[in-house]
Amino acid sequence: MAETQKEHLIGVIHATNRPEPRETQLDDKMPAAIRYVSRTLDFKRGDEEEFGASMPRYEAKAAELAAMKPDLILPAGAPPFMLLGFKGEFEIIRSWEKKYHVPMFTSGQNHVRALKTLGVKSFVGISYFPARLNAVFQRYFTEAGFHVLAMEGIPVQFADVPNFPPQQIADFVKNEFAKHRQAEGVYMLGSAWKTLDIIGELEQTLNVPVVHPGPARCWEIHLRLGLRQPIPGYGRLLAEMPDA
């Protein structure tokens with residue numbers, strides 16, 4: 001008789017309440033034993049002031065999810081935590097883990113692990129945020145030990161990000177990478193743009209790994225739960241499932 005696979009509950013705190021699938025469309029490709037429960041902070045402006053005031057709200061949502069006794073809690077949305085700095089983010093997540101007795105990782109921590117796992121020490125970063133926040137992101141990754149060759153934002157209103165054409169994003173990435181051909185990878189910050197289908201194209205064209213929030217999150221969930229089931233078509237990280 002086949003052994004019943006253990007069910008795993010993952011709590012996710014989404015940054016926005018957008019109806020678009022974002023990178024969560026990958027959830028359908030995850031093992032059937034994984035079940036998600038989510039909360040949202042419903043950010044509207046996507047600016048530094050809104051992000052900077054959000055930690056009490058994040059903790060309140062984490063407490064709600066912790067009461068359900070999940071295997072993991074993912075406070076998603078990189079910018080609010082990157083404002084704390086790499087060390088500050090680590091300290092607040094460690095304090096929540098001790099308080100609520102559930103393992104957690106942020107988007108930023110996940111992206112750092114993904115970049116390091118793929119051997120990327122220097123990279124070109126792309127986001128849909130303005131220069132002021134991109135400078136914050138660059139400081140965060142510099143503190144984490146990376147050489148950030150560029151952290152550039154595509155000019156688009158926060159509410160309009162999901163409608164930005166994927167091919168224009170790919171062209172923007174290629175143009176920025178062409179200015180820094182010594183880069184060992186590309187980093188794409190942000191979950192709202194529809195870019196999953198261009199990851200493979202970018203890796204093939206640029207011949208470097210591309211770290212994207214969706215595949216990176218799925219990869220770490222697999223590793224944390226001891227599953228390791230490759231998902232082809234979304235870049236090296238998911239296709240190869242390397243150890244962190």
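Does at least one position in the range 148-165 carry a residue that is at pLDDT 95 or above, over 27 Å from D47 (Cβ atoms) and not in a loop (DSSP other than H, G, I, E, B)?
Scanning the range 148-165 turns up no residue that is at pLDDT 95 or above, over 27 Å from D47 (Cβ atoms) and not in a loop (DSSP other than H, G, I, E, B).
Restricting to the range 148-198, count the residues that are farther than 17 Å from Q138 by Cβ, free of Cβ contacts under 8 Å to residues at least 40 places away in the same chain and among the β-branched types (V, I, T).
Selection size over the range 148-198: 4.
Is it the case that R113 is among the charged types (D, E, K, R) and within 30 Å of K69 (Cβ to Cβ)?
Against the criterion (among the charged types (D, E, K, R) and within 30 Å of K69 (Cβ to Cβ)), R113 qualifies.
Anything in the range 31-71 that is of a type in the set (D, E, K, R) and in contact with a strand residue (DSSP E or B) (Cβ under 7 Å, 6 or more places away or on another chain)? List them, or say none.
R35, R39, K61, E64, D71
Filtering the range 92-113 down to residues that are of a type in the set (S, T, N, Q) and touching a residue at least 40 places away in the same chain (Cβ under 8 Å), which residue is surrounded by the most Cβ atoms within 10 Å (Cβ to Cβ)?
S107
From the list F172, F177, which one is at pLDDT 95 or above, in a helix (DSSP H, G or I) and touching a Leu at 6+ places or on another chain (Cβ under 8 Å)?
F177
For residues in the range 163-180 being within 12 Å of L202 (Cβ to Cβ), in contact with a strand residue (DSSP E or B) (Cβ under 7 Å, 6 or more places away or on another chain) and not aliphatic (A, V, I, L, M), which is surrounded by the most Cβ atoms within 10 Å (Cβ to Cβ)?
F177
Given the residues D47, D71, which is the only one that is under 21 Å from M241 (Cβ atoms) and of a type in the set (D, E)?
From the options D47, D71, the qualifying one is D71.
Condition check ((1) crowded, with 19+ Cβ neighbours inside 10 Å; (2) under 22 Å from W193 (Cα atoms); (3) within 18 Å of the chain's Cα centre (by Cα)) across all residues:
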position	(1), (2), (3)
D28	no, yes, yes
A33	no, no, no
Y58	yes, no, yes
I73	yes, no, yes
L83	yes, yes, yes
F90	no, no, yes
L115	yes, yes, yes
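What number of residues within the range 99-139 satisfy the criterion of being part of a helix (DSSP H, G or I) and either within 17 Å of P209 (Cβ to Cβ) or acidic (D, E) (or both)?
The number of residues fulfilling the criteria is 8.
If I filter the range 83-116 down to residues being hydroxyl-bearing (S, T, Y) and touching a strand residue (DSSP E or B) at 6+ places or on another chain (Cβ under 9 Å), which single residue comes out as farthest from L238 (Cα to Cα)?
Here the answer is Y100.
All but one of (1) more than 25 Å from Y140 (Cα to Cα); (2) surrounded by fewer than 13 Cβ atoms within 10 Å (Cβ to Cβ) hold for V37, so report the exception by its number.
(2)
In this structure, is A183 outside any helix (DSSP H, G or I) and loosely packed, with under 13 Cβ neighbours inside 10 Å?
no
Name every residue in the range 148-183 that is of a type outside the set (A, V, I, L, M, F, W, C), more than 19 Å from the chain's Cα centre (by Cα) and farther than 20 Å from G77 by Cβ, in order of residue number.
P155, P165, Q167, Q168, D171, K174, N175, E176, K179, H180, R181, Q182
In the range 1-96, which strands (runs of 3 or more DSSP E) lie fully inside it and hold 1 or more residues that are among the hydrophobic types (A, V, I, L, M, F, W, C) and modelled with pLDDT under 95?
Ranges flagged: 8-14, 34-40.
The values are calculated or read from the model by the stated rules, or taken from the named source; none is laboratory data. On a predicted model such as this, the values are computed, not experimentally measured, just so you know. Glycine gets a Cβ as well: all are built from the backbone with ideal geometry, and neighbour counts include every protein chain shown.
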